[in-house]
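**Student:** I am attaching a structure below and will ask some questions about it afterwards.
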Amino acid sequence: MVAFEPDPGVFEVLRWNTRFLEGAEIHQRALGTGLAAAFWSEGADAGRLIQGDEVVADSITVQTTRLSELLLRLGKVEMLKLDVEGAEMDVLEEAEDHLGMVENIFVEYHSFAGKR
C-alpha cells in the first residue's frame, strides 16, 4: 500500500493508522503535475490543491509526485484509489500513457466552479 497525504495534521493520523501495516509506504506530499503545489486545508475531512493564480489565505506549499512516476516505479498496480480534491483530471491526464498498468481505478471526483 502506498499513500499520499499533503495535509500535515491528516498525515499524522495516517501515520498512526498505518503504524502496524507491514510494507505501508506513506508520503507527506500530494499527487500532482509539477514538483510543488499550493495546498489549502479545509479541516480534517477536506482540502484541495490550489490551481492557477488563485490566492487562498493559510495555504501551504507541498511537494508533489507525478502519478506516472509512481506507476513506473511500482509496475503493475492492482487498485488505485484517487482522491485529489479537484485535481483528478490533471493527475489522470498526466499519467494517461501509464494507466494501463492499473487493474482497477476508483476516483472520487470533486468539481469546483470554473473547473471542468
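**Student:** Please tell me if ASP53 is in a loop (DSSP other than H, G, I, E, B) and either surrounded by fewer than 16 Cβ atoms within 10 Å (Cβ to Cβ) or at pLDDT 95 or above (or both).
**Tutor:** yes
**Student:** State which residue pairs qualify: first residue modelled with pLDDT of 90 or more and in a loop (DSSP other than H, G, I, E, B) and inside region 22-33, second residue surrounded by 14 or more Cβ atoms within 10 Å (Cβ to Cβ) and of a type in the set (Phe, Trp, Tyr) in any location, beta carbons under 9 Å apart, and separation of 6 or more residues or different chains.
**Tutor:** So the pair list comes out as GLN28/PHE4; GLN28/PHE11.
**Student:** Across region 72-96, what is the total count of residues that are assigned to a strand (DSSP E or B) and surrounded by 13 or more Cβ atoms within 10 Å (Cβ to Cβ)?
**Tutor:** So the count comes out to 3.
**Student:** Another question, if that's okay. Just to verify a result, which residue in region 12-21, among those that are part of a helix (DSSP H, G or I) and not polar (S, T, N, Q), is farthest from LEU67 (Cα to Cα)? Before the answer, list the steps.
**Tutor:** First pass over region 12-21, keeping only residues part of a helix (DSSP H, G or I): 12-17.
Still in the running and not polar (S, T, N, Q): 12-16.
Details: GLU12: 22, VAL13: 23, LEU14: 20, ARG15: 21, TRP16: 24 Å.
Here the residue is TRP16.
The values are calculated or read from the model by the stated rules, or taken from the named source; none is laboratory data. Bear in mind that the values here come from a model prediction, so they are computed numbers and not experimental data. Heads up, the Cβs are rebuilt from the backbone with ideal geometry, glycines too, and the neighbour counts pull from every protein chain shown.
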